[in-house]
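Shown next, in structure tokens, is the structure this report addresses.
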Amino acid sequence: MTSDHVSELLSPYIDGRVSAEEQERIGRHLETCAACRGDLAALHGVVGLLRSVPPTTAPVELRAAIRSRVEHAGVPSASGGLGPRLAAAWRPIAAAVAVVVIGVFAANLLGPQLPRRLSERRENGQSTSTVLQFEAAQDAAKKPSAANRAAVSQPTSPAAPAPSPDAAFRSVIRTARLGVEVERYDAAARHLLDIAEGAGGFIADSSYGEDEGRPRGEFILRVPAGRFGAAIKDVEAMGTVRQRQISAQDVTEEYVDLQARQRNLERHEQQLLTFMDRATKVQDLLAVEQELSRVRGQIEQITGRLRYLAHNVDMASITVVLSERPKKGHAGLWDLDGTLAKMQGAFLATVEQIFAAAERVLVLASTLLPVGALAGVAWTVFRRTRQSKAGA
Amino acid sequence: MTGEDLLIARSRGGDTRAFDLLVEKYQDRVYDLAYRITGHHDDAQDAAQEAFIKAYRALRTFRGAAAFSTWLHRIAVNAAYDAVRRRPPAGSHPGEGTGASADPLGDRAERVEARARIFCAIAALPLEQRAAVILRDIQGWSYEEIAAIAEIPVGTVRSRLARGREALKVALADLAPVDARAYAGGNAS
């Protein structure tokens with residue numbers, strides 16, 4: 001009888017924490033071993049006993065003691081990123097940032113940018129899906145001309161008759177994609193960085209690859225919306241433009257709508273928090289918690305989207321595909337291919353020059369030919385006259 | 001996001017009221033655990049306080065990778081271990097606190113005595129077995145949760161629990177209910 005083999009397993013056995021084969025072994029063993037059956041029963045007994053022990057309750061003063069210590073402890077771990085106060089006050093801060101962003105954007109639009117931007121647009125002759133459009137808030141002098149207005153597409157027509165102050169300008173996400181072929185890739189890549197930083201922006205992303213041995217890279221420049229046109233010009237001045245695509249997406253409706261929903265949800269959240277203060281029963285508290293977490297989730301979603309929109313409205317995005325102009329391969333110490341190419345070039349140039357000289361001779365000859373012919377005729381006439389005189 | 005996640009998030013931002021609700025929710029289990037590990041009310045209260053304060057301070061490092069309750073109990077177990085190391089529990093203890101929750105049923109004196117004996121038997125176990133038995137048989141955690149709380153492999157949970165129960169089986173043999181024997185005997189046949 002090897003009851004000691006099984007007794008170690010009886011504890012996991014009653015919890016159902018044995019493997020299938022252990023289970024089988026225990027089952028077989030228990031059939032034949034009364035001692036182990038007794039062990040199992042005793043184990044069941046003691047576990048049942050332990051489970052019947054009522055849990056101790058915490059003394060009433062514990063919670064109060066913790067509360068007072070927590071209040072003095074300040075905020076969880078200063079080590080994590082934002083200061084606690086800042087973290088707690090993120091919503092007003094986000095709102096302030098949004099206001100500033102909107103203000104800057106509006107100032108950009110209303111300022112000297114406007115005529116330049118529109119003239120640029122005319123100059124480029126780009127077909128854009130949407131164009132900045134201004135509502136009554138501007139003075140007449142700055143209103144786009146009738147011709148410009150006519151050229152504008154009408155995504156704004158379904159706008160509410162009384163737009164909110166925030167909707168006095170359009171929120172437009174502007175993007176461009178430019179393919180530029182340059183003489184020297186490395187210099188151009190550095191120049192792109194200068195352009196981005198000079199415009200108060202940055203390079204958000206870049207990738208590098210080779211295309212048939214020629215360097216080719218894709219850069220995403222983020223520049224303030226007000227510098228969008230200027231930055232495009234700078235980029236295009238770097239080389240030959242092979243591709244150009246500019247578009248604008250009007251997100252005003254979405255923006256205004258999201259802000260309204262955010263305000264509503266925040267009001268709702270405030271109400272729930274006051275409910276939470278008043279709740280006395282755990283049941284109520286849990287219900288309020290559930291609802292609060294749902295509302296909070298929605299607010300966070302909306303805030304994230306708003307932040308995304310604000311950022312993209314504020315910072316236009318220019319994707320530049322940079323490629324190096326094809327040239328003869330070059331490699332190693334002595335650029336044999338290059339030399340051959342130069343020799344070929346020199347040879348061809350000489351031949352070309354010879355042909356050109358021949359051509360010039362021919363041209364000159366052709367110029368002289370009528371004169372010579374005339375001279376010949378004159379000479380013949382002169383001789384005939386002398387001969388006839390002499391013969392006479 | 002559950003209500004608890006919300007409370008955690010708010011606590012992390014410094015909302016002490018939200019944290020107070022978390023304390024309310026977990027204080028009994030944490031205290032019970034600390035009391036049974038340390039064997040003293042004083043130590044249990046210190047350990048429970050310490051555990052909650054530590055949890056509050058460390059909330060930022062809690063990434064939700066583990067369930068909050070598991071994480072909190074891990075801190076509590078360690079705080080209780082610290083308390084035990086500071087003052088090893090005296091051999092026998094009347095366990096006056098075990099009767100704290102009044103039980104209207106049956107023979108009161110007998111029950112109180114039985115609980116005192118259970119309490120002492122648990123307190124007499126080696127520390128690690130003690131924690132395993134308390135977490136499993138009194139508090140009802142799963143093997144995986146205990147493994148996470150005690151930071152040990154599941155296999156170790158299994159063996160510690162087996163040894164702890166074996167010792168308790170011997171110590172409390174005369175208390176085990178008779179019907180349990182009958183049930184187990186029927187099970188085996």
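The values are calculated or read from the model by the stated rules, or taken from the named source; none is laboratory data. Just so you know, these numbers come straight off a predicted model, no measurement behind them. No Cβ is skipped: glycine too gets one built from the backbone with ideal geometry, and neighbour counts run over all protein chains shown. We work out accessible area using only protein heavy atoms, side chains counted, and drop any ligands, DNA or RNA first. Shrake-Rupley method; radii C 1.70, N 1.55, O 1.52, S 1.80 Å.
Tell me, please, whether a residue that is assigned to a strand (DSSP E or B) and among the hydrophobic types (A, V, I, L, M, F, W, C) can be found in the range A:244-264.
Yes, some residue in the range A:244-264 is assigned to a strand (DSSP E or B) and among the hydrophobic types (A, V, I, L, M, F, W, C).
What number goes with the only condition from (1) farther than 22 Å from A:R222 by Cα; (2) in contact (Cβ under 8 Å) with a residue 12 or more places away in the chain; (3) more than 10 Å from every other protein chain (Cβ to nearest Cβ) that A:L333 does not pass?
Against the list (1) farther than 22 Å from A:R222 by Cα; (2) in contact (Cβ under 8 Å) with a residue 12 or more places away in the chain; (3) more than 10 Å from every other protein chain (Cβ to nearest Cβ), A:L333 comes up short only on (2).
May I ask you to list the residues in the range A:280-317 that are surrounded by 19 or more Cβ atoms within 10 Å (Cβ to Cβ), outside any helix (DSSP H, G or I) and charged (D, E, K, R)?
none
Just one of B:D20, B:D32, B:D43 is more than 8 Å from chain A (Cβ to nearest Cβ) and open to solvent by less than 60 Å² (accessible area, probe 1.4 Å); which is it?
Checking each option against the conditions leaves just B:D43.
With a cut-off of at least 1 residues that are among the charged types (D, E, K, R) and closer than 17 Å to A:P54 by Cβ, name the helices (runs of 4 or more DSSP H) lying wholly within the range B:107-180.
B:108-123
Show the residue pairs that are 6+ apart or on different chains and have beta-carbon atoms under 9 Å apart, the first residue being within the range A:264-277 and over 9 Å from A:L292 (Cα atoms), the second being open to solvent by 90 Å² or more (accessible area, probe 1.4 Å).
A:M276/B:R17; A:D277/B:R17
Could you tell me which numbered condition A:A341 fails, if it satisfies all but one of (1) modelled with pLDDT under 90; (2) small (G, A, S); (3) open to solvent by 40 Å² or more (accessible area, probe 1.4 Å)?
Exception for A:A341: condition (3).
Can you say whether A:A231 is assigned by TED's automatic domain parsing to the domain that holds A:Y208 and assigned to a helix (DSSP H, G or I), as far as the supplied structure shows?
yes
Which of the helices (runs of 4 or more DSSP H) contained wholly in the range A:1-85 include at least 2 residues that are touching an Asp or Glu at 6+ places or on another chain (Cβ under 9 Å) and modelled with pLDDT of 85 or more?
A:3-14, A:34-51, A:60-73
Against the condition within 8 Å of chain B (Cβ to nearest Cβ) and open to solvent by less than 50 Å² (accessible area, probe 1.4 Å), how does A:G27 come out, does it pass?
Answer is no for this residue.
With the requirement that a residue be in contact (Cβ under 8 Å) with a residue 24 or more places away in the chain and more than 7 Å from every other protein chain (Cβ to nearest Cβ), what does the range A:33-59 give you?
A:C33, A:A35, A:C36, A:D39
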